[in-house]
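Values in this text are rule-based calculations from the coordinates and carry no lab data. What you are looking at is a predicted structure, and each value in this text was computed from that prediction instead of being measured. When we count neighbours, we look across all protein chains shown, and the Cβ atoms used for this are built from the backbone with ideal geometry, even at glycine.
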Amino acid sequence: MNRPAPKPLISLDEALARLLAQTPRLAGVETVDSFEALGRVLAEDLVAPLDVPGMDNSAMDGYALRRADLLGPEGLARALPVGQRVAAGHPGGPLAEGTAARLFTGAEIPPGADAVVPQEQAEALTLPDGRAAVRITVLPEPEAWIRRRGDDVRQGATVLATGTRLSAQALGLAASLGRATVQVRRRPRVALFSTGDELVMPGSLPPEQLPRGAIYNSNRHTLRGLLQAAGAEVTDLGIVPDRREATREALRAAAEAHDLILTSGGVSVGEEDHLKPAVEAEGRLDLWQVAMKPGKPLAFGAVRRPGAPGEARGAAAEALFMGLPGNPVSSFVTFLLAVRPVLRALEGEPVHAPRALQVPAAFDWPHPDRRREFLRARLDAAGQAHIYPKQSSAVLTSAVWAEGLIDVAAGQVIRAGDPVPYLPYAALL
Ligand code: AMP
Ligand code: MG
């Protein structure tokens, strides 16, 4: 009858603050080809070595001219001889007064021109002396269709700051500055384990041969995919054998070359489990009860690296350890809300609270939980949030159907039409 007193619940924000306080930023910077840097985190400020665009150029196919030439007594009736033809990449000369230049999108504006007229607002004609000319049908505004030098980026400007995760468009911007390589942070190395005697790997047994009580290991696929999507280097260590010594050995081996050891299962309160004592023996472990649903139990700690002295702390001496609950939706949600921020911090990306959209609920939630709850939800075309009818943490279908999570405060009753905070998966990944 010596059951330990239940641990007090801590809030998710408190858990996150504790996690991040103990997460070091990884040492080590790599120079990588900017062509291969998608999803990496910048370890330098990207400063523009030139103006982009590098010269005034045309936003249209049409004619460059001096507006003053159309403001005389003849007005738009005046035919302007076409003195030159300028294509992108083939600069022309200065624009002589009283003439127009035929030019194409991206072509350099001839010095002296102060507007571009799209070809749809111009009539090409031939003068009596045989020269090509143009008559303009609509007077252009000053600067019309001219993209000025430096309009996008000014030389010397910091275009992308250290800590920015590189999107495809950010890589395009880096390329527009001529960058062939970028300095980025090392990717976090993560070792992934599953625990649970009931788990069977897909492929090792067909469904009709599954023993009673056995289930397929699904978290391994989900968590590996989430880690990969987060840009981590994943070492998959399969299912931890259910023996203390083997688990300790696996932890020691994983701690040598990884920044984080991530496990699923075996962190429920009171559970007789080999993982907890093994982590405690190889390092340190805190088991938290987080006031969130799904995903209440969360283990956090560290495993000593081989050869590190017992009391040493920090990245040189320890690999971080995070143990997620085994229920498939719980491990999915706790990954998004707790592991993802840790990965960001490891990689040196600033960690912000994810930005929720306020959307109207298309559902009632009459019986709220005492814990903050994250409902699997998605928006309809009108922007209203619907929840999956089964919100059990064992129903993985809900996480697949959903496109985000509704963040329900503890004890909050929701009526259809109430505004609710919606976290799109994209804001969490
Ligand atoms: P646990 O957190 O180990 O108590 O597990 C909670 C529930 O999640 C149990 O029903 C387990 O069978 C299930 N579970 C644990 N690990 C996995 C896994 N890797 N894949 C699918 N289900 C799991
Ligand atoms: Mg288990």
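Only beta bridges with both residues in the chain are counted; by DSSP, about 70 percent of them are antiparallel.
Mean shadow of region 357-428, computed from the convex hull of its alpha carbons, in nm²? Mind showing how you got there, number by number?
Details: hull surface 18.0 nm².
For region 357-428, the mean projected area of the Cα convex hull comes to 4.5 nm².
For GluC sites (Glu not before Pro), the sites in region 274-322 that DSSP calls loop and that have at most 12 other Cβ atoms within 10 Å are Glu311. Contact order for region 57-147, expressed relative to its length and based on alpha carbon pairs under 8 Å spaced 6+ residues apart, stands at 39 percent. Restricting to region 57-147, what percent of DSSP beta bridges are antiparallel, rounded to 5? Of the beta bridges lying entirely in region 57-147, close to 85 percent run antiparallel. Summarised as an ellipsoid, region 57-147 has semi-axes of 18, 14, 11 Å, derived from the eigenvalues of the Cα gyration tensor scaled by 5 and square-rooted, with the largest first. Calculation over all alpha carbon pairs of the chain in 20 angstrom steps from 0 returns a P(r) of 21, 37, 23, 15, 3, 0 percent.
For Asp286, the residues whose amide H sits under 5 Å from its own are Phe300, Gly301, ignoring neighbours fewer than 5 places away on the same chain, with H placed 1.01 Å from N. Scanning the chain for trypsin sites (Lys or Arg not before Pro) in DSSP loops with at most 10 other Cβ atoms within 10 Å, what's the longest stretch left with none? Maximal segment without exposed cleavage sites: 1-211.
Computed from the C-beta positions of Lys390 and Thr162 and an R0 of 51 Å, the FRET efficiency is 0.70 to the nearest 0.05.
The residues Leu337, Leu429, when put in order of fewest to most other Cβ atoms within 10 Å, stand as Leu429, Leu337. When you filter the GluC sites (Glu not before Pro) in region 61-140 for DSSP loop state and at most 14 other Cβ atoms inside 10 Å of their Cβ, you are left with Glu74, Glu97.
The lysines within cross-link reach of Lys390, meaning a Cα-to-Cα straight distance under 22 Å and a gap of 8 or more places when in the same chain, are Lys293, Lys296. Across region 359-374, coupling constants 3J(HN,Hα) worked out from phi with the 6.51/-1.76/1.60 Karplus curve, θ = phi - 60°, read 10, x, 6, 9, 8, 9, 9, x, 10, x, 8, 6, 9, 4, 10, 10 Hz, and Gly and Pro carry x. For the chain, modelled as a GNM with alpha-carbon contacts under 10 angstrom, which of Gly301, Gly93, Gly196 fluctuates the most? It is Gly93.
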